[in-house]
Structures are given as C-alpha cells and as structure tokens.
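Enquirer: Pasting a structure here, questions to come.
The values are calculated or read from the model by the stated rules, or taken from the named source; none is laboratory data. Here the structure is a predicted model, which means the values were calculated and not measured. Please note: Cβ atoms are built from the backbone with ideal geometry, for glycine as well, and neighbour counts cover all protein chains shown. What goes into the accessible areas is simple: the full protein's heavy atoms, side chains included, and nothing from ligands, DNA or RNA. Shrake-Rupley method; radii C 1.70, N 1.55, O 1.52, S 1.80 Å.
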Amino acid sequence: MITVAFAKGRTMEGVLPLWQRAALPVPTDLDESRALVFEEPSDTYGTVRFLLAKPADVPTYVSFGVADIGVVGKDVLYENPRDVYELLDLQAAACKLCVAGPPAEREKRPRRVATKYPRLADQYFRSQGESVELVGLSGSIELAAVIGLADRIFDLVQTGATLAANGLVVFDEVLDVSARLIANRSSYRLKKAAIDRITSGLKTALEGGWKA
Amino acid sequence: MTWGLPHGFAEQPAGMRDVYPEQARVRRDTESRLLEFFENHGYQMVSSGAFEYVETLLRGRRAEEADDWMRWFDINGRMVALRPDMTPSIARMAAPLIANGQPEVRWCYAEKVFRRSTAPASLSWASGKAAESTQVGVEWIGPPAGAADVDIIALCQHAMGLFELEDWQMVVSHAQLTETLLAAQGLADDVRERIMDCLLRGDYVGVRQAHVDQAAGDHMLSRFARLTPLRPDSIESLLDPLGVSAAADVEDHSQRLRAMQFARTLWAELTDFAKMLQARGLTHHLSFDFTLTRNLPYYTGIVFEVFVPGVGAPVALGGRYDQLLARFGAPAPAVGFTFEVERLLAALTDGRWLGAETGGKETER
C-alpha cells in the first residue's frame, strides 16, 4: 500500500485532474466527507491511501514516513526544506511568488513586508540589497498592506483577483511555483517499484499535453 | 486539572534530548550489540576526544562544511569543533601507525557526534541532521578497493541481520562514476555542478531543469535509473560514441573521450565488485543507484546507505576514501561505515524507544 499526503485546497484541486488522467484512484466522496483519510483500491497501483493535510504539513508527513509520497506546492518546499526526494514537477496549480503593494509605494524603498514566507522573503530582499522588517502572518496577507501594517507583501499570486480587489499591484515576480511530487527517502528505496509506477503514470499523463 | 506553569526548572538547548531510565538501557544495549559484533570480526575498539581542531576535521573536505559544526576558539586561540563524525579522528590516530609500516588498521568505535541543528531532537533523530547522535562504526585502513569492499558490505549487511527488521534496503553508488558519466555526456562544468548539487538534495525536478532541454534531462535520468553493474551492458546507453562526434569544440571532444574512458575503467571495477557480491549472496537487499551522491570530497570509490521503513534518513552509511589518509601524512586506501543508532532504534521500536512502552513515566516510582 502506498500512502499519499495531499496538500488540501488549491494544490489538490489543481492536481486532481492530472491524477485522474493518470488513472490513479481518487477518493470518491471527497466533497461530502469531512474525513481526512481515504483508502481507494486500484488494479494498477494497489491500494492507495490518501491523507489530506495542510500544505505546510505535507513535507513533515513525508519526511517522517507516515506518507510515502506527497503532493505539495514548490513554495512550501522552498520555505521549509526537508530531506525528501522531489520526483516530478506536476505543472499544475501554477502560480507566482510576488512582491506586491499599493501603487503609491512602487517607487519607495521597501520598509516593512508582510508574508507567510519569512525565510524566502528574507533571502529575496537581501539579494536585492534591501534591508526590510518582516512581519510573519499566516493568512490574508493582503490585509496587512491594505491597512498599513506593511508597505509590501510577499505572497503567492494565482490570478491576481484578490490583489486587484484590494487595490494592490504586483511590483516584482520572484519565483514560478507549481505542485511537486515528493517522496520519503526510505519509501523511495523500499517501495521503489510502486512509486516508479505512479511517477511514470503521472509523467505519461503530463506528456499528453494537459496543462493547468 | 490545570497545569500550573512551573518555575525554576532548567531549559535545554535546541537539539538536545534527555534519555530516561530503560530508554538509555535500550540504546546502550544496541550500541553494545554492534560493537561486540564488530570486535568479533577483528575490529578493535578505539575512542578519542569529542573535539578536534577545525583544520584537522577539514582535511579532504570543503571549507563550507564547517558551517554545520559546533565551533569555538580554544585557550590558545585555535579554532576547534565538536566532531561531526569519527573518520577524521580515526585517520589522525591511524596515520602515524601506517607511516611506521603497520600494513593495516581495523578499528571500531561507539561515540557521540555533533552538528549544528535548529530542529528539535525528536524530529532530527528520525529524519534529518541531529545536533547530537550516536554512531557505531568501523574503519578499515590499508586494503585497496575490490575484495575488501565486498567484506565491508557483508559486515554491514550481517550487522543489519542482528536486528529483527524484515524490510531494509542497501543502496550502493560510486563517488566518481556519476560525475564522470555527466562529463561523458558532454555537459558543461557549471551544468554538471548544478546537477550534482540537485542529486545531493534529491531534487530530480532540478536535474531535469538543469539540462538545456528538459526531455534530454528526463532521458538521462531514466538511463541512470536502469544503470546497474549486475547488468554490465547497462552502461552502453550512457557512453554512446556517436553522440560525441556532434561536439563542435575539439578540446571539449577530447575531454569527453577521456571521461568515457575513465567511466569504462570505473565500470570494469564495479562489474567485478557486483560479481563478487552476487557470488557471496549479498545482493538480496542491495540495489545500485548512481543518482545517490555524497557531499564529502574525500570519498573515492563505492558509497552506500541502508534504508529502513519509517526513518527518512539512512540508518547506516559508508564508503571508500582512498585519499584521506594522505592528507594526514600516510597515504593509504581505506573503507568504512557507521550506524546511526538513534535512527536504527526509531525503526526497531517504531519510535517507541523514547515512549512509555520501553520505559518512561510508568516505570518510575
């Protein structure tokens, strides 16, 4: 049996179509159920167990080996590097890590930046020769710029609709981010055949030209 | 029942972990079993001080590695560090003996090793780099590559057999083959460096992206995946001489041919090694994977790691380091490996060796 930790929300929604195209089993009553663990049988891949986790927790589940593989955004892996194998770029749930703020701030030096990614933001602003104060928040980052807690935000942007609705504009696109297939280092060695089957199934589905 | 915030109890630095009655016994028993096994196989136990000069530890390594160590200045103003592993200390101790004509040194040890770590100990013991961990290992200085490597693999596998683990896998690679094969592909130095760095981190997506063309990177990875010296001709697809003629640059061309030649030499050694492993029945829990790399420059030959379910980092690891002793003034080939005891215990007891069932609160009155 293979256990897969899925990052709930945007990543999972983006990846499931690809997952189905690869004929991988998908939890059936995903929408109605509040369960966090699903087991689905499959002819090709054997039983697949799904864990639905918060994105930031997926690398933790995988590095501890309670999940053999995981599906999670590259942003999470950048911010919280773990000793896991990064097997495949699933090219789904694509978005960009951006610096954004109110238009009036564009020409000014950044001073205070709100973000869910303090490590990455620190690296980025240092690389730009800027010294900023970082404000760590865990959600609704735009709010910080709207009410003046910060003059910039460093956050994921998918469509830009939330930014626009809050009167913010993108100043700089920092990194392209998409969903990744990761594997526990021991599982990758001990369940290699099963994991390779899933990887190549997903790869074939990707090469079919499907895009998010 | 409420938890009255206690006052006055001492805190502990990040990464340090206490081991209570019975748990400590379980750990010491495991160390002893391994040590006894190694001693029965002709390895003599040695020990050394917990810290060394940074200059000693850095011989044969990249200077950046010292960033991971606990360092300070001693009373004479020289920089010292807690040892990150035992190999440099053993090399320092053995070098004078080898220089004075002793043909070989076979030593074992059970010692604590140290690294800088910000992760809590509970996590780092099972998966990452622990601030403090116990290593029980052997070093065999003197014999060249070949039969001795097979003996070392056998010793490690038989030591695994001491423990009741159904499922474990030893993965074997080679410290020089991977990069040589990348050079034989005609990849530029900077691309090679990026790929090696990605392989080290286990970032296969990065390997594909480092290639100019991702499909080529993908193709190369799949050929690496099929590469095993148990099937000697599996290397042919990575050494295609027809691919070479396309190289426009003459110097580049000859560099590629040299790389191919060197790859063939290494491959011949590896196929002999694989035959010996097979003959001694050591291939049941063993697989080759040449995308497994190690960031210690002093490794020159085979490198290997042992994985068990539930622990995300190898429980045992080792390899051949033929250049290190020369850095201590006594050139001699050497090979060795070490067990990571806490990781092994995490696998053996499903992490419970630090929980109630193997000791803990219930047994303390």
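Enquirer: Collect the residues in region B:209-235 that are over 28 Å from the mean Cα position of the chain (by Cα) and either of a type in the set (Asp, Glu) or in a helix (DSSP H, G or I) (or both), keeping them in residue-number order.
Expert: To start, the set of residues in region B:209-235 that are over 28 Å from the mean Cα position of the chain (by Cα) comprises B:212-216.
Scanning region B:209-235 gives B:Asp213, B:Gln214, B:Ala215, B:Ala216.
Enquirer: Suppose we filter region B:147-177 for residues that are open to solvent by less than 20 Å² (accessible area, probe 1.4 Å) and within 26 Å of B:Ser237 (Cα to Cα); how many remain?
Expert: 6
Enquirer: Working carefully through the options A:Leu156, A:Leu202, A:Leu175, find the one that is within 14 Å of chain B (Cβ to nearest Cβ), more than 30 Å from B:Val311 (Cα to Cα) and open to solvent by less than 60 Å² (accessible area, probe 1.4 Å). Before you say what the answer is, go through the steps one by one.
Expert: Values: A:Leu156 fails: within 14 Å of chain B (Cβ to nearest Cβ); A:Leu202 fails: more than 30 Å from B:Val311 (Cα to Cα).
Of A:Leu156, A:Leu202, A:Leu175, the one residue that is within 14 Å of chain B (Cβ to nearest Cβ), more than 30 Å from B:Val311 (Cα to Cα) and open to solvent by less than 60 Å² (accessible area, probe 1.4 Å) is A:Leu175.
Enquirer: Kindly list the number of the only condition in (1) within 14 Å of chain B (Cβ to nearest Cβ); (2) buried (at least 21 other Cβ atoms within 10 Å of the Cβ) that fails for A:Val99.
Expert: (1)
Enquirer: Continuing with the same structure: All but one of (1) buried (at least 23 other Cβ atoms within 10 Å of the Cβ); (2) away from chain A (no Cβ under 14 Å); (3) β-branched (Val, Ile, Thr); (4) in a loop (DSSP other than H, G, I, E, B) hold for B:Thr300; which doesn't?
Expert: (1)
Enquirer: With the requirement that a residue be within 14 Å of chain A (Cβ to nearest Cβ), small (Gly, Ala, Ser) and touching a helix residue (DSSP H, G or I) at 6+ places or on another chain (Cβ under 9 Å), what does region B:160-218 give you?
Expert: B:Gly202, B:Gly206, B:Ala210, B:Ala215, B:Gly217
Enquirer: Next question. Return yes or no: is B:Thr180 open to solvent by less than 50 Å² (accessible area, probe 1.4 Å), closer than 30 Å to A:Tyr78 by Cα and in contact (Cβ under 8 Å) with a residue 40 or more places away in the chain?
Expert: Details: open to solvent by less than 50 Å² (accessible area, probe 1.4 Å): yes; closer than 30 Å to A:Tyr78 by Cα: yes; in contact (Cβ under 8 Å) with a residue 40 or more places away in the chain: yes.
Here the answer is yes, as B:Thr180 does meet what is asked.
Enquirer: If I filter region A:65-90 down to residues being of a type outside the set (D, E, K, R), touching a residue at least 40 places away in the same chain (Cβ under 8 Å) and over 18 Å from A:Trp19 (Cα atoms), which single residue comes out as farthest from the other protein chains (Cβ to nearest Cβ)? Reasoning before the result, please.
Expert: Residues of region A:65-90 of a type outside the set (D, E, K, R): A:65-67, A:69-73, A:76-78, A:80-81, A:84-85, A:87-88, A:90.
Still in the list and also touching a residue at least 40 places away in the same chain (Cβ under 8 Å): A:65-67, A:69-73, A:76-78, A:84-85, A:87-88, A:90.
With the extra rule that they be over 18 Å from A:Trp19 (Cα atoms), the set shrinks to A:65-66, A:76-78, A:84-85.
Details: A:Gly65: 5, A:Val66: 8, A:Val76: 14, A:Leu77: 9, A:Tyr78: 11, A:Val84: 7, A:Tyr85: 4 Å.
Among those residues, the one meeting the criterion is A:Val76.
Enquirer: I'm checking my understanding of the structure. Among residues of region B:303-331 that are touching an Asp or Glu at 6+ places or on another chain (Cβ under 8 Å) and of a type in the set (A, V, I, L, M), which one is most open to solvent (accessible area, probe 1.4 Å)?
Expert: B:Leu317
Enquirer: Which condition number in (1) within 12 Å of chain B (Cβ to nearest Cβ); (2) open to solvent by 20 Å² or more (accessible area, probe 1.4 Å); (3) not polar (S, T, N, Q) is the one that A:Ala183 fails?
Expert: (2)
Enquirer: Moving on to the next point. Could you tell me whether region A:32-50 includes any residue that is β-branched (Val, Ile, Thr), open to solvent by less than 70 Å² (accessible area, probe 1.4 Å) and touching a residue at least 60 places away in the same chain (Cβ under 8 Å)? Don't jump to the end; show me each part of the working.
Expert: We begin by selecting, within region A:32-50, every residue β-branched (Val, Ile, Thr); these are A:37, A:44, A:47-48.
Of the ones still in play, those that are also open to solvent by less than 70 Å² (accessible area, probe 1.4 Å) are A:47-48.
Next, only the ones that are touching a residue at least 60 places away in the same chain (Cβ under 8 Å) stay: none.
No.
Enquirer: Inspect all residues belonging to region A:97-116 and state whether any of them is part of a helix (DSSP H, G or I) and either at positive phi or among the hydroxyl-bearing types (Ser, Thr, Tyr) (or both). Write out each step before concluding.
Expert: Here is the first cut: in region A:97-116, the ones part of a helix (DSSP H, G or I) are A:103-105.
Remaining after also requiring either at positive phi or among the hydroxyl-bearing types (Ser, Thr, Tyr) (or both): none.
No: region A:97-116 contains no residue that is part of a helix (DSSP H, G or I) and either at positive phi or among the hydroxyl-bearing types (Ser, Thr, Tyr) (or both).
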